[in-house]
Amino acid sequence: MNRRRLLKSGLGLLGGTALSGCLSSLGFETQSAWRDPPLVENRPTAVYYPAVVEGMGLYGTTTAGDVGFALMHSFPHRFWNLTGTNKTKVVVQPDDSLHLMVSAWDTETNTILPLDISAEISDTSGQVASNNLWPMLSPNMGFHYGDNIGLPGEGQYDITLRVGPLQTNRTEPFENRFTEAQSATMSFTFDTDETYNLTYRRLGEKAGSRGTVDLMGMQKIPKPVAPAKSNLPGRLIGEGSSGDARFFITVVEGGTRFGKAGRPQMIVSPRTPYNRVILPRMTLSTTVKRGQKTVFQGPLQASLDPEISCYYGASLPGVESGDSVSITVQTPPQLARHDGYETAFIDMPPIEFTV
């Protein structure tokens, strides 16, 4: 089966102009292994335009209870895993057939869900692959789950997607929801022509500069974005950047779905700097001082709300004008990263401001 293509040296992608098209139109030919695409040299410690952007295709959508799934595919490609602050490059292996991607959301509110997702793939002969999908960031998809997958050949497969209970706090609209494991099975057909004829764009002179491409939009699939600053609940008390992530900090008074026992709630909403992509799987804490007195010091709990998606929060005794606040990133987003994100959101110094 012809299931790999290799970049022909010196053709098309080595030029400085932006190119797009399918692989064959850009100088690719069928080979026995896949070679990594160009990687920008001297990359900034920030979100940047990668050398190339790979298209993606939709295999389909399905549901399990109140969890919606979308299954997508693209070329096999490199990515970087993050453990703490240690980054490990994952290269394309000779038996990788495609890069499989999954989005998961609440079907009632269209809120993206930060769940753990596994995939089991089988054909008529039985199970052919079983993977715990990595939570990931990519320029054109944002937050999603994915991995490079090896398949024995072209043809039809069944995939079972399994999610565990939601391991995060949630506001009242999500109370008692996503507490049990769910699974859904759907079929897809792996066709090398379909996958390897997806668009492949070289970004030319933009490559390596700060910025990123627009998120791809697919009908009925929610985008993994945080709300605009003006749409956050409560009173904005501060904002800042750390590791190229943007943070907005608000305080919501007691008596709302965010507060506990009538106490005000601090809400910290981090996102990527350009498309407002959510940044789950962080560990944050905060300290609030009033003069020499520490008013509050403690963790910010990872939380989920249908209006503001993933955020980090804590109940406080109160925040007043003149208070000094620090937000400390104890663990950066534990997310695998595609080209364009692998240098950002790792070294994240505290954010400090005065209310």
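The values are calculated or read from the model by the stated rules, or taken from the named source; none is laboratory data. Predicted model, so just to flag it, every value in this text is computed and none were measured. Methodologically, a virtual Cβ is constructed for each residue, glycine included, from the backbone with ideal geometry; neighbour enumeration extends over all protein chains shown. Quick note on the areas: whole protein, heavy atoms, side chains included, nothing else; ligands and nucleic acids left out. Shrake-Rupley method; radii C 1.70, N 1.55, O 1.52, S 1.80 Å.
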### Accessible-area composition of the chain, carbon plus sulfur, in percent [1.4 Å probe]
43 percent
### Message
Give me the 1.4 Å probe accessible area per residue for the chain, excluding ligands and nucleic acids, in Å².
### Response
42 Å²
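Remind me, relative contact order of the chain in percent, using alpha carbon pairs under 8 angstrom and six or more residues apart?
Computed over the chain, the figure is 20 percent.
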### Query
Principal axis lengths of the chain from Cα atoms, whole Å, largest first?
68, 45, 32
### Message
Under 5 Å between amide hydrogens, which residues at least 5 positions from GLY55 or on another chain qualify, with H placed 1.01 Å from N in the peptide plane?
### Response
THR199, TYR200, ARG201
### Query
Could you give the length gained on full extension between SER118 and ASN42, defined as 0.36 nm per residue of separation minus the Cα-Cα distance, in nm?
23.8 nm
### Summary
Within segment 315-355, the residues whose backbone N lies under 14 Å from a label point placed 7 Å from the Cα of GLN292 along the Cα-to-Cβ direction are none
### Message
Along the Cα→Cβ direction, 7 angstrom out, place labels at THR256 and SER285. What is the inter-label distance in nm?
### Response
2.6 nm
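Working out 0.36 nm times the residue gap between ALA181 and LYS87, then minus their Cα-Cα distance, what length gain in nm do you get to one decimal? If you can, show how the numbers build up before the last one.
On the way: separation 94, 0.36 × 94 = 33.84 nm, distance 3.00 nm.
Here the segment from ALA181 to LYS87 would lengthen by 30.8 nm.
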### Query
What is the extension gain from GLU352 to ARG235, computed as 0.36 nm multiplied by their sequence separation minus the C-alpha to C-alpha distance, in nm to one decimal?
40.4 nm
